[in-house]
Amino acid sequence: MASCDRLEPLSKPRVQFWMGKVSEWGEATTPSAQLDACRHLEKLRDFLQEVLGALQLARSAAEALARLPFVGQLLGRLCWIRCVTADEESVALLLQCLWSLFSPSPQTAIELKANEWIQKTMCHLVTDDEDGCSIMKHVGLPSKEYNVNSLKKMVSLLTEAVDRGCSGLKNPSERCRCDGMHSLSLTCVSVVTRPEAAPLIGALLRRPVTCDRAQLREEFVEAVCTSFLDKKLHLDVQSAVALWCHSLTSLERAVLSLLRCALSGPRVDLQRLDEQVNASLLPQACAQHCPVFLVVNDIFRSTLLEMEENSVLRMLFQSFTRRFLKALAAQDPEERPSLKSFFPLVPSSLLMPLLTLPSEVPQNVWLEHLTGISHRLQLATAEAEDRDGDTSGSVFEVWFLLLQGGGWVDVAAQLLASAQPSSSSSSSTSSSSQPQALLWLLTFFYHPTNRGHQRTQQWEHMQQFWGDLRSLCLGPVPPPLLLLLLSPLQAVAKSLRSSRLVLCLLLNLAIFSPAPCHTAALQLIGKMSEKEKEEEEEECLRREAECLLAAAAERSQNSDTSASARVQARLRTLENTLWNALCVCVCE
């Protein structure tokens, strides 16, 4: 037989030469035939590359088979020759040739039959069989390892094909490779949970939709979404963004799954909550794609309207915001969107102050920072209420950002409780000596709306309650007299219409007050909680106490002040006592 070097590419003599060789190698089992096959492998790969180029120029599988009638027999025989299938590069070319022949939407009986044959042949190349076992024994690989390696090779080849897409077309008459994306996505449904298939899954998700033929199958998107939420599929941030851009339903499911996980725990664990938020990839995705953030924030907003007093929800939002801001800060400043594009309804003067984390501000500047926030909030709410009495839109957005903003409300309560007591003994003097800005901030946080124009009245009650509370907790009042003075204080507390606000003040006094007032605070919690409560309110107070204690513990651990040791010791001593007192009081 003539040498193939002197023959034209894909000429009839060249095709006959290789068909003859394939026939010889397939029928012979002698060492000389196997040696001949090994010697010709490099030139065989060159020939298969030419065949692949010709296949990619065809507009359809039927056209490819008409132009290259030998190709089916050639590929079919090569896939069963051990020396060929043991060669990595040759297998890669065979798989590419077979994939080029596959018809995403078969129109004729020939294309339908070809698809069935291609699927069986490709399956033979990457799965266990008799010849495969022989090869595996020869190269010393276990069956499972061989199949995994074969799957990785196939995934690598298909990933390259997906990445090329239409950009790889050089000839206008060439068949668009987008034709195979729709079908390939359906084929991948059964392997989405295989870690080896992750690169291909990601490539399909990230591939830009350059034409209407590149749409992914709904079954594929559903399988990827479900596997990701079930922790059976790992996606990088870019792939997750692409998934959620492909399907708004997938994004909604991811957010609702995070909410369920966060709210279902028996106790509040801030570290576990932060890990759940980070593993969801939602903060990172939101930082990369502003429309994703707007959808996520809208779901959070709707959830908050239904569960306004859920303290764990507040901690979740704060954890999410911290992670989101961290991911946003890591981006290139020139490409990073402005904060205003993420929070379009919030006044610009409040964005940076509220979205600057307490850990990013020196502790000796906390009071000044919070005073500025309080004054800006007062101006923003007053302006919103003056505009035709609008309090449902912009005021809510400001309050929502305050809730998300990294725990500034907790810091305000801490600073208020840790202020040194006044030398005056009168309630009015004690109240007026406290930072009024912090007090207003807490009142606004627990009473954001101005229903019936009650904000002024609530503010007056708050000042009276806080002054009386500090007098009782910090003043030299004997325990028997303390109980007698609780009645008027209870009446004022009832007018505040918020057990959560009262609990917040009492717990912060017990933890951060410079004076040892935890005994008085516990008695006040017990006495003021004797009234009957709905089961829902009891659970709300228990959760509020957990969140307040957890947040206080976290801040004290990160504190470098001299008072931090005292606070941590008091927390260790009081945590069980406070918790048990609250449970007894609200559950009786």
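The values are calculated or read from the model by the stated rules, or taken from the named source; none is laboratory data. Because the structure is predicted, anything quoted here is derived from the model rather than measured. Neighbour counts run over all protein chains shown; Cβ positions are idealised from the backbone, glycine included. When the accessible area is computed, the model is the full protein with side chains, heavy atoms only, and any ligands, DNA or RNA have been set aside. Shrake-Rupley method; radii C 1.70, N 1.55, O 1.52, S 1.80 Å.
Here are some notes:
- Taking amide H as placed 1.01 Å from N in the peptide plane, the amide H of Thr449 sits under 5 Å from none that are at least 5 places away or on another chain.
- Cβ-Cβ FRET estimate between Met352 and Leu263, R0 fixed at 41 Å, reported to 0.05: 0.85
- Per-residue surface analysis assigns Asp298 an accessible area of about 80 Å², computed on protein heavy atoms at 1.4 Å probe radius.
- Computed 3J(HN,Hα) for region 95-101, one whole-Hz value per residue from the Karplus formula 6.51 cos²θ - 1.76 cosθ + 1.60 where θ = phi - 60°, is 5, 5, 5, 4, 5, 5, 7, glycine and proline marked x.
- For region 211-362, the residue among His246, Leu339, Phe320 whose Cα projects farthest onto the positive side of the dipole built from Cβ charges is Phe320.
- The distance between label points at Lys231 and Gln568 comes to 3.0 nm (points 7 Å beyond Cα on the Cα→Cβ vector).
- Local net charge near Thr249, Cβ-Cβ under 12 Å (Lys/Arg +1, Asp/Glu -1): -2
- Note on Lys231: accessible area is roughly 150 Å² with a 1.4 Å probe, heavy atoms of protein only.
- Probe 1.4 Å, all protein chains present, accessible-area order of Ile373, Ile299, largest first: Ile299, Ile373
- Per residue accessible area in Å² of region 260-355, where ligands, DNA and RNA are left out and the probe is 1.4 Å: 47 Å²
- Rounded accessible area of Cys83 (nearest 10 Å², 1.4 Å probe): 30 Å²
- Spin-label model distance (nm) - Lys340 vs Arg59, 7 Å beyond Cα toward Cβ: 5.3 nm
- Rh (Kirkwood; distinct C-alpha pairs) - region 231-321, Å: 13.4 Å
- Per-q log10 I(q)/I(0), region 14-87, q = 0.12, 0.20 Å⁻¹ (Debye; single scatterer per alpha-carbon; no solvent): -0.34, -0.85
- Net charge contributed by nearby residues that have their C-beta within less than 12 Å of Asp274 (K/R +1, D/E -1): +1
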